[in-house]
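What follows is a set of notes on a single structure, which appears directly below.
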Amino acid sequence: MRVVIAGSSGLIGTALKNDLHGGGHDVVALVRRSPTGEHESRWDPATGRIDADLVRSADVVVNLAGASIGDKRLTDSYAQEVRRSRVDSTRTIARAILGDDAGAGFRGMLLQGSAMGFFGDRGEERLNERSPAGHTLLSSIVLDWEAAAQPVRDAGVRVVTARTGLVLAAHGGFAERLLPLTSRGLLGALGDPDTWHSWITLEDHIRALRFLIDSDHSGVALCIAPHPARDGALMRAFSEAAGKRPGFHVPRFVLDAAIGRAVEDLLTSQHATPGVLTRLGFTWNHPTVEDAARWVMSRR
C-alpha cells in the first residue's frame with residue numbers, strides 16, 4: 001500500500017508513519033524543506049505547490065497538517081494562522097486529488113484529520129458523530145478545516161474524517177504537559193473538575209486510524225476511547241499511576257492568563273462516545289483512563 005502523509009512530523013503523524021513503515025508499506029511524507037530521499041516530497045500549501053502525480057498515485061492520502069493549537073498563546077493573529085494552515089493544506093491536497101478529471105482517476109482514499117473541538121463546550125450533553133457543531137473559536141476553525149475537503153467528498157472519493165480527542169502519550173501532546181505535575185502529586189484538576197474529556201491513548205489512536213483505513217467506512221469517525229472521563233478523574237488516574245495523591249485545583253483564570261484562548265481546547269466539556277468505531281467492532285487496548293494512565297507511565 002502506498003501512503004502519502006501530510007503532517008508526518010507531529011505526534012500522531014510520526015507515530016502513524018513509523019507504524020506504516022513497520023508494516024512494510026510504501027510511505028512518502030510531504031515536507032516543507034528539501035527532501036532527504038525518495039521517502040519525502042516537497043510541498044508548500046501556502047502557495048498550493050504539491051506533486052499531484054504523487055498524491056494521485058497513493059492508495060491512502062493522510063492529511064494531518066496544520067499549525068499546533070497547544071504550542072503558543074491563541075492570539076487573534078495565531079488563531080488566523082491555525083485556521084489558514086489547516087485550510088490551505090486541505091485545499092492543496094484536495095486539488096491534487098481532484099486533478100483535471102474531477103477525481104475520476106483517483107482510486108485511493110483521503111484520511112482527513114479533524115478535532116473534537118468541532119463540538120465546542122457542550123456541558124453534560126451526550127455527543128456522537130451525528131451531533132452538530134458548537135459555536136466556539138475552535139469550532140469555527142474545525143468547520144472550515146473539514147469544509148475544505150468537501151470537494152473531494154462531492155467527487156465521490158472515499159473520505160474518512162477522524163475527529164481526534166485529547167491524545168495521551170508519554171512524549172508529546174496533552175499528557176506530556178501534565179506529567180511533571182501529576183507524577184509529583186501537584187495537580188488535581190484543570191478548571192472545573194467535573195468537565196468531561198473525550199480522550200484516547202496514542203497507541204489506540206494509531207490502531208484506530210489503521211482500522212478505519214482498512215474498513216469500508218466513509219464519513220466522520222470520533223477517534224476517542226469508549227469511556228469519557230471527568231477532569232478530576234483523569235488527573236487522579238495519572239497521579240495514582242505515579243503512586244501519588246491528586247494535588248491542587250488550578251482555577252480557570254490562571255490558565256486563561258497562561259495560555260489564553262487555547263484554554264478552550266483543555267477546558268471545554270465534551271461527553272462523547274465513538275459510535276462508528278464501536279459499530280465497526282474496534283477494540284481498545286486502553287478503554288479507561290486508569291488503563292491509559294498506567295500505559296503512559298510505563299512508557300516514560
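The values are calculated or read from the model by the stated rules, or taken from the named source; none is laboratory data. On a predicted model such as this, the values are computed, not experimentally measured, just so you know. FYI the Cβ positions are ideal-geometry reconstructions off the backbone, even for glycines, and counts take in every protein chain you see.
Remarks
- Pick from the stretch 53-87, criterion surrounded by fewer than 16 Cβ atoms within 10 Å (Cβ to Cβ) and part of a helix (DSSP H, G or I), ranking: modelled with the highest pLDDT: D53
- All positions within the stretch 1-15 that are under 16 Å from M109 (Cα atoms) and among the aliphatic types (A, V, I, L, M): M1, V3, V4, I5, A6
- Restricting the stretch 10-31 to residues that are part of a helix (DSSP H, G or I), under 16 Å from the mean Cα position of the chain (by Cα) and in contact (Cβ under 8 Å) with a residue 12 or more places away in the chain, the residue that is nearest to I93 (Cα to Cα): G13
- Cross-chain or 6+ apart pairs with Cβ under 8 Å, the stretch 105-123 first and of a type in the set (S, T, N, Q), then at pLDDT 95 or above and assigned to a loop (DSSP other than H, G, I, E, B): Q112/A149
- Number of residues in the stretch 166-200 that are among the polar types (S, T, N, Q) and touching an Asp or Glu at 6+ places or on another chain (Cβ under 8 Å) equals 1.
- Answer residue from the stretch 190-216, given it is more than 18 Å from the chain's Cα centre (by Cα) and within 22 Å of F119 (Cα to Cα) and is surrounded by the fewest Cβ atoms within 10 Å (Cβ to Cβ) among those: D194
- Qualifying positions in the stretch 32-50 - over 17 Å from S68 (Cβ atoms) and part of a loop (DSSP other than H, G, I, E, B): R33, S34, P35, T36, G37, E38, H39, W43, T47, G48, I50
- Test: residue in the stretch 142-160 that is at pLDDT below 95 and buried (at least 18 other Cβ atoms within 10 Å of the Cβ): no
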